[in-house]
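The values are calculated or read from the model by the stated rules, or taken from the named source; none is laboratory data. Note that the coordinates shown come from a computational prediction; the quantities given were computed from them, not determined experimentally. Because the Cβ atoms are built from the backbone with ideal geometry, glycine has one as well, and the counts that use them run over all protein chains shown. All accessible areas refer to the heavy atoms of the entire protein, side chains included, with ligands and DNA or RNA removed. Shrake-Rupley method; radii C 1.70, N 1.55, O 1.52, S 1.80 Å.
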Amino acid sequence: MLTRRSVLAASAASPMLASLGAEDALAATPKNIAVMGKAIDDIIAFDPAQSYEFTDNEVDGNCYNKLVTPDLTTGTTVVGDAAESWTVSPDGLTITFKMRPGVKFASGNELTAHDAAFSLHRVVKLNLTPGFIVTQFGYTKDNIEKLITAPDAQTLKMVLPKQVATSFVLFCLSANVGCIVDRATVMSHEKNGDLGNDWLKTHTAGSGPYQLISWVASDHVILEANPHSAVKVGVPRIVIQHIPEPASQLLQLEKGSIDIARDLLSDNIKQISGKPGFTVLTSGQATSLYIGMNMGKPHLDKTEVHQAIKWAIDYEGIAKNILPGTYEIAQNFLPAGLPGALTDRPFKRDVAKAKALLAQAGYPKGFSVTMDHFAAAPFSDVAQAVQANLKDIGIEVKLLPAQQKQVFTKMRARQHELIMLQWGSDYFDPNSNAQAYCADPDDSNNSKLKILAWRCHFFNPALTKMVEDAVKELDGAKRIAMYQDMQRQFRQIAPFAMMMQQNAVAVLGKGVSGLKVGPMPDYTKYADIRKA
Amino acid sequence: MSGRLRTLAATTASVLITLFGLTVVTFFIGRVMPIDPIVAILGDHAPPDVVARVRIELGLNRPLWYQFWIFFRNLIHLDLGRSVMTTHPVLHDIGRYFPATFELATAAMIVATLIGVPLGVLAAVRQGTRTDHIVRVFSLAGSSIPVFMLAMLSLVVFYAALGWLPGTGQVSVVYDGIAPRITGMLVIDAAITGHWNTFYNALLHLIQPALVLAYFSMAYITRMTRGFMLDALRGEYITTARAKGLSAARIVWRHAFGNIWVQLITVLALTYAGLLEGAVVTETVFSWPGLGQYLTNSLLNADMNAVLGSTLVIGVIYVFLNLLADVLYRLMDPRVR
Amino acid sequence: MSDTSTMSGTSLRAWLLSDTPASRRQAGWGRLYRLWRDLRANPLAMAGLVTIILLILAALAAPLLAPYSPDAQHLSNHLAPPSAAHWLGTDELGRDILSRLLWGGRITLGMVVSVVVLVAPVGLIVGCAAGYIGGLADRVLMRVTDVFLAFPRLILALAFVAAITPGITSAIIAIALTAWPPYARIARAETLAIRNSDFIAATRLAGASRTRIILVHIMPLSLGSLIVRVSLDMSSIILTAAALGFLGMGAQPPSPEWGAMVASARRFIVNAWWVPMMPAMAIFVASLAFNLLGDGLRDVLDPKQRS
């Protein structure tokens, strides 16, 4: 006969079993492995000619070298990486790189100018998502082999088809798409003329301090030290575990099951930063949070309405209460840290002024409008705060939260009214954002350039012209001044309310140090991570 | 014999029709989703010329019915296409993620049965008493809490506060990739190959999600067991057994329970199918690399091949388990025979 | 029965419990009364019923009971723990959780009711029609229910919501879409059992149309098992709605729907447990109450039902 006692005993059996082995299961991670908790379901491919998401770029940044890399201490110039030095012809049309000797791929092959040329050829020939960063100089799959050449193993010659600012070219080469792949290894895996794309999607063939040894989508990424790299890494194996829930990352960091947490939200950070032994690292990102207003929709075609919305938002309250630590107020289209960025804050919450502007636009009683945004935290919180802010000036906002890709799809089809989104710079040069926010040379559906300005019907030939001129300006100082001028005009007339700049936050567990968080994913470096 | 054959043919036909319907519904739901698959493949920054080229490469510019025809034609050759997210063929992915779900669901099923059935018997024997009420509330409570809440609470209590159990994932990093992959179910693989540390670690990781899932599905098992037992205990043969002076335990287990286990098996088969559903949420909270998580991620990323493939697999399993329950019932129940 | 109201209590009970009811209506009322008597003897089911009534009353009286507006934000007072001013604390935007729970009850319970109102009649009509008409119509309808049953419920709802747009209406439709097949199955089984009974045959001979037979004679008889199913389904509807919210596809903020509240606050479980726990408790209580009631009803109505 089943008694009450035996039932209880049966249900209690499992936790007892667990407590016996608890120590083993909960032991801290071993010294030679650093475990990082991060949401990694954004990964699409690791091939530098294709990679374009946060996590895959970050991994590439640790597995590859580029010709040049931004000098992150000043943020205004680049320094040599796989290239030792370079010279520019007086007309600015030819750049000759001298390669650094002794750089070796994980295969043991020496990195030469031939690999560098091959890598850029691949980018243009494959022409995948990030391809435009290189093709925008005028390269095509027909001219690329003639214009980018390697006369010898130490020299890479790059002839530009049209005049562009040298700093612009160099910053573009410092983007993830500029990673140099091991030609011999990649071509040994070529299938049907894909230049090794299929293989490189899930492997790396670079000269960086680490190499990819395993990726299981939405589960983990494992990197191991590149034995041939000149850089001696602190921890030979990095494991990036997919932990989508921030609360779960926090728990596991506190317990020591992971060494580094990457996606904590403001309140998690506030909680952990008070505890001894944990280190909070932040780095401003080249990523902006903004509200875009579609000028093709009723009410939103008037500049006064745009300005009214900009004056209605409670930037301070949102930054201080919803986003502390993870975002800073930033009201210009260039995020702080990028060359030419303005850091003044022209807007603050002023309900009276906003109402007056709205009346001036002919809507003294306000109107109703929808706003699309990502459903995830903290965007949903910010959206609700903005909704309350705009209600104060008479604008009724209906929120339409959705999955990230759904929001993108809607904006790309120009079907949104208001939209709250993030935009990250494609490369570390002001042109990326200037073009995105200001340039709309052709507002029709056949346009060749369909970025943010086009998506919001912000058709402004004067600003577009300024973008086109700045990118050709050879004089560095003059070029910076042009971008600053653009930012000042932009905030008066553009249908974009620039709100925040993102801070990447990484929290290191007890005894862990040395992670470098960069302003763009591919500048986040693992090589110096140490475990005490 | 020909009657049996005809039944078999009819059953097969109805299964095939069901699966075909499943494919059609999934395909069209997928295609009307307001997510452009191109955005999922190329990201938001892709320039218009690349977008246009890839759309043609993938045949997404073709009419819907044509796309479906292509999909269906490949399906017949067991080619489910490639997943955008993982870059692998969908069939390969399913082979990779399904065993983890199977492992979790099976463990949960075992726990739910081992606890749920005795509880149900106990409640029936003590019908109307306080024991009966406590058992009922206890088992119903499990299916009244949102699974994700139960999962998160369990993490907070057993992992964070008490430290009895490990956190998320299938195994600690240290043991990852040590045991060779044979069945894909880590606990079993480790045991077969004698990697006892890995086995122990994986088992500990399995306990929490399995218990959560088990508690969630226990109510149904307990309730059905109780119901069956009440019926059985009212039977004439029980009265006879009592009259013979047999012990209470013998009457309950040998006579009453012995009569209901056939019915119970069908209940268990159906519960098992339902577990696959609960697994979707549990896997998300526990970062369990299973089919549920794979399916949800694919859905949110408009990775249609992956969505179609995994929905079909789950559908097949469901249909199969239903069929199994049916067949078992027919084969083993003397009354039906 | 115009004289019912004038009867005394005892004679009313006698009328209700009469072994030889004079009319079909008397038999019907009698059945209901017996059901109620049996149910009242089940303390758990009564506890469930009382809880549900209290929840409904609280939701209806939300404007009177709620101390604050459910949408009033107070950013500088966010994540405040329970206190005299805010009995259940405040959420991530400084809104009063108690007020949101009270108002949210309307949405959550409203969703449940909407789903049931959508699903029960559809399932009933489809099932009864299939069962009575038989033949091809029956086979087609049953294959359709097979297809829907073979889908994991949450996945189908998820896909469907994703295909339209997340929100309360979509969630209701999606859940309804996934919930109807079992109803149709039950109604069909009941219909098959009574289709060939004498009184249906008699009605048919009397010249009643097929529609009339289904609507007037068959459907009411299938209601009992349907009610059991409905009350047991309520909790699963609440939970599906909450799970949709958890995966970002249910009711959307700022709506104080309980599931959405838990979903958007689950990240605070470590540092401000009350924010996710309060709505989770509400869901738990409502869900358990429906389960207890359903369980009791099932015992009373038909103890042997299999699915």
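If you go through the stretch A:178-234 and pick out every residue that is within 14 Å of another protein chain (Cβ to nearest Cβ), in contact with a strand residue (DSSP E or B) (Cβ under 6 Å, 6 or more places away or on another chain) and of a type in the set (Gly, Ala, Ser), you end up with 2. The residue pairs whose first member lies in the stretch A:131-151 and is in the same structural domain as A:Val177 (by TED's automatic domain parsing), whose second member is open to solvent by less than 30 Å² (accessible area, probe 1.4 Å) and among the acidic types (Asp, Glu), and whose beta carbons are closer than 8 Å, counting only pairs six or more residues apart or on different chains, are A:Ile133/A:Asp426. So, A:Gly61, is that one outside the structural domain of A:Val164 (by TED's automatic domain parsing), farther than 28 Å from B:Asn201 by Cα and at pLDDT 85 or above or not? It is true that A:Gly61 is outside the structural domain of A:Val164 (by TED's automatic domain parsing), farther than 28 Å from B:Asn201 by Cα and at pLDDT 85 or above. Here is the figure for the stretch B:25-36: residues that are in contact (Cβ under 8 Å) with a residue 24 or more places away in the chain, at the interface with chain C (Cβ under 9 Å from one of its Cβ atoms) and either open to solvent by less than 40 Å² (accessible area, probe 1.4 Å) or over 29 Å from the mean Cα position of the chain (by Cα) (or both) total 4. Suppose the filter is more than 30 Å from A:Asp263 (Cβ to Cβ), out of contact with any helix residue (DSSP H, G or I) (no Cβ under 8 Å at 6 or more places or on another chain) and either of a type in the set (Val, Ile, Thr) or in contact (Cβ under 8 Å) with a residue 12 or more places away in the chain (or both); does A:Lys531 pass it? No: the conditions fail for A:Lys531.
Of the residues making up the stretch A:429-454, those that are among the small types (Gly, Ala, Ser) and either within 11 Å of another protein chain (Cβ to nearest Cβ) or buried (at least 19 other Cβ atoms within 10 Å of the Cβ) (or both) are A:Ser432, A:Ala434, A:Ala436, A:Ala439, A:Ser447, A:Ala453. When the stretch B:4-23 is filtered for residues that are open to solvent by 40 Å² or more (accessible area, probe 1.4 Å) and either within 14 Å of chain C (Cβ to nearest Cβ) or within 20 Å of A:Lys405 (Cβ to Cβ) (or both), the ones remaining, listed by number, are B:Ala10, B:Thr11, B:Thr12, B:Ala13, B:Leu16, B:Ile17, B:Phe20.
Take the conditions (1) within 19 Å of A:Tyr327 (Cβ to Cβ); (2) of a type outside the set (D, E, K, R); (3) part of a helix (DSSP H, G or I); A:Phe490 misses just one of them, which is (1). Hey, does the stretch A:507-525 have a residue that's without any contact (Cβ under 8 Å) to a residue 60 or more places away in the chain, assigned to a loop (DSSP other than H, G, I, E, B) and within 30 Å of A:Pro209 (Cβ to Cβ)? Within the stretch A:507-525 (the criterion being without any contact (Cβ under 8 Å) to a residue 60 or more places away in the chain, assigned to a loop (DSSP other than H, G, I, E, B) and within 30 Å of A:Pro209 (Cβ to Cβ)), the answer is no, since none of the residues qualifies. Scanning the stretch A:387-401 for residues that are within 14 Å of chain B (Cβ to nearest Cβ) and open to solvent by less than 10 Å² (accessible area, probe 1.4 Å) yields a single hit, A:Pro401.
Would you confirm, using the coordinates I've provided, whether C:Thr178 is within 14 Å of chain B (Cβ to nearest Cβ) and in contact with a strand residue (DSSP E or B) (Cβ under 9 Å, 6 or more places away or on another chain)?
On the way: within 14 Å of chain B (Cβ to nearest Cβ): yes; in contact with a strand residue (DSSP E or B) (Cβ under 9 Å, 6 or more places away or on another chain): no.
Here the answer is no, as C:Thr178 does not meet what is asked.
Within the stretch C:15-42, the set of residues being open to solvent by less than 70 Å² (accessible area, probe 1.4 Å) and modelled with pLDDT of 80 or more comprises C:Tyr33, C:Leu39, C:Asn42.
Across the stretch C:76-101, the number of residues qualifying as of a type in the set (Val, Ile, Thr) and within 29 Å of the chain's Cα centre (by Cα) comes to 1.
Restricting attention to the stretch A:87-130 and to residues that are open to solvent by 20 Å² or more (accessible area, probe 1.4 Å) and of a type in the set (Lys, Arg), the residue that is nearest to the other protein chains (Cβ to nearest Cβ) turns out to be A:Lys125. Could you say which residue among B:Leu153, B:Leu165 is assigned by TED's automatic domain parsing to the domain that holds B:Val212, buried (at least 17 other Cβ atoms within 10 Å of the Cβ) and part of a loop (DSSP other than H, G, I, E, B)? That would be B:Leu165, the only listed residue that is assigned by TED's automatic domain parsing to the domain that holds B:Val212, buried (at least 17 other Cβ atoms within 10 Å of the Cβ) and part of a loop (DSSP other than H, G, I, E, B).
A residue that is in a loop (DSSP other than H, G, I, E, B) and out of contact with any helix residue (DSSP H, G or I) (no Cβ under 6 Å at 6 or more places or on another chain) cannot be found anywhere in the stretch B:313-333. Does A:Glu304 meet the test of being charged (D, E, K, R), within 14 Å of chain C (Cβ to nearest Cβ), open to solvent by 20 Å² or more (accessible area, probe 1.4 Å) and assigned to a helix (DSSP H, G or I)? No. Does B:Pro99 count as away from chain C (no Cβ under 14 Å) and modelled with pLDDT of 90 or more? Spelling it out, B:Pro99 is indeed away from chain C (no Cβ under 14 Å) and modelled with pLDDT of 90 or more.
Evaluate the stretch A:368-383: report whether one residue or more is in a loop (DSSP other than H, G, I, E, B), in the same structural domain as A:Leu452 (by TED's automatic domain parsing) and within 17 Å of A:Gly292 (Cα to Cα). Working first, answer last.
Keep residues of the stretch A:368-383 that are in a loop (DSSP other than H, G, I, E, B), which gives A:375-378.
From the residues that got through so far, the ones that are in the same structural domain as A:Leu452 (by TED's automatic domain parsing) too are A:375-378.
Next, only the ones that are within 17 Å of A:Gly292 (Cα to Cα) stay: A:375.
Looking for residues that are in a loop (DSSP other than H, G, I, E, B), in the same structural domain as A:Leu452 (by TED's automatic domain parsing) and within 17 Å of A:Gly292 (Cα to Cα), one finds at least one in the stretch A:368-383, hence yes.
Just to be sure before I move on: is B:Ala232 closer than 23 Å to C:Asp295 by Cα, part of a helix (DSSP H, G or I) and open to solvent by less than 60 Å² (accessible area, probe 1.4 Å) in the structure I sent? Answer is yes for this residue.
Give me the residue from the stretch C:266-281 that is crowded, with 24+ Cβ neighbours inside 10 Å and more than 9 Å from every other protein chain (Cβ to nearest Cβ) and, out of that set, nearest to B:Pro146 (Cα to Cα). Checked the stretch C:266-281; the qualifying residue nearest to B:Pro146 (Cα to Cα) is C:Pro279. Quick one: in the stretch B:301-331, which of the residues that are touching a residue at least 60 places away in the same chain (Cβ under 8 Å) and facing chain C (nearest Cβ under 9 Å) is most open to solvent (accessible area, probe 1.4 Å)? If we take residues in the stretch B:301-331 being touching a residue at least 60 places away in the same chain (Cβ under 8 Å) and facing chain C (nearest Cβ under 9 Å), then B:Val316 is most open to solvent (accessible area, probe 1.4 Å). The residues of the stretch A:179-222 that are in contact with a Cys (Cβ under 7 Å, 6 or more places away or on another chain) and not in a loop (DSSP other than H, G, I, E, B), listed by number, are A:Tyr210, A:Gln211, A:Leu212. For C:Gln73, the conditions (1) in a helix (DSSP H, G or I); (2) surrounded by 13 or more Cβ atoms within 10 Å (Cβ to Cβ); (3) of a type in the set (S, T, N, Q) all hold with the exception of (1).
Residues that are within 7 Å of chain A (Cβ to nearest Cβ): find the helices (runs of 4 or more DSSP H) completely inside the stretch B:37-85 holding 2 or more of those. Let's see the steps before the verdict.
Details: elements: B:37-42, B:48-57, B:64-76.
Once the helices (runs of 4 or more DSSP H) in the stretch B:37-85 are filtered for at least 2 residues that are within 7 Å of chain A (Cβ to nearest Cβ), what remains is B:37-42, B:48-57.
May I ask you to say which residue of C:Ala59, C:Ala120 is closer than 21 Å to C:Ile238 by Cβ, among the aliphatic types (A, V, I, L, M) and at pLDDT 90 or above? Matching residue, one of C:Ala59, C:Ala120: C:Ala59.
Restricting the stretch A:270-293 to residues that are open to solvent by 10 Å² or more (accessible area, probe 1.4 Å) and facing chain C (nearest Cβ under 10 Å) leaves a set whose member that is nearest to A:Gly75 (Cα to Cα) is A:Lys270.
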